[in-house]
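Shown next, in structure tokens, is the structure this report addresses.
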């Protein structure tokens, strides 16, 4: 029983890593590009909760591109990637 639990945990981790990587790749494909800085900064890292991943960017304007501003419409490169990957639209 212990081996089964460990095997299931390994499968779950591999699935999570693959899907997180799929979202990262797709977000880089649909990210708006002016200089390439935002696209090149998108990465996957460990999430704050067990068995979680965080996909994002460290550039300071990333949230404004994703969420928009009062002067700029949102460009959903992260949400769009999530939708594409998990709804099979990729």
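None of the figures in this text is laboratory data; all of them are computed from the coordinates on show. From a predicted model like this one, the values you see are computed outputs, not experimental measurements. So basically every Cβ, Gly included, is an ideal-geometry build from the backbone, and we count neighbours across all protein chains shown.
Things worth noting here:
- Ordering of 10-20, 73-83, 25-35 by packing [mean C-beta count within 10 Å, highest first]: 73-83, 25-35, 10-20
- Relative contact order, percent, the chain [alpha-carbon distance under 8 Å, six or more residues apart]: 28 percent
- Inter-probe distance in nm under a simple model that places probes 7 Å from Cα toward Cβ, at residue 83 and residue 5: 4.0 nm
- Per residue, the convex hull volume that the Cα atoms of the chain enclose (Å³): 108 Å³
- Spin-label pair residue 13/residue 29, simplified geometry with 7 Å Cα→Cβ offset, distance in nm: 2.8 nm
- Helix 2-30 axis versus longest C-alpha principal axis of the chain: approximately 10°, rounded to the nearest ten.
- Once the Cβ-Cβ distance of residue 73 and residue 46 is raised to the sixth power relative to R0 = 41 Å, the FRET efficiency obtained is 0.80.
- Cα shape, the stretch 47-90, gyration tensor, a/c 1.5 rule: oblate
- For the stretch 6-30 versus the stretch 53-90, the gap between their alpha-carbon centres in whole angstrom: 18 Å
- For the chain, the longest principal axis of the alpha carbon atoms and the long axis of helix 77-87 meet at an angle near 40°.
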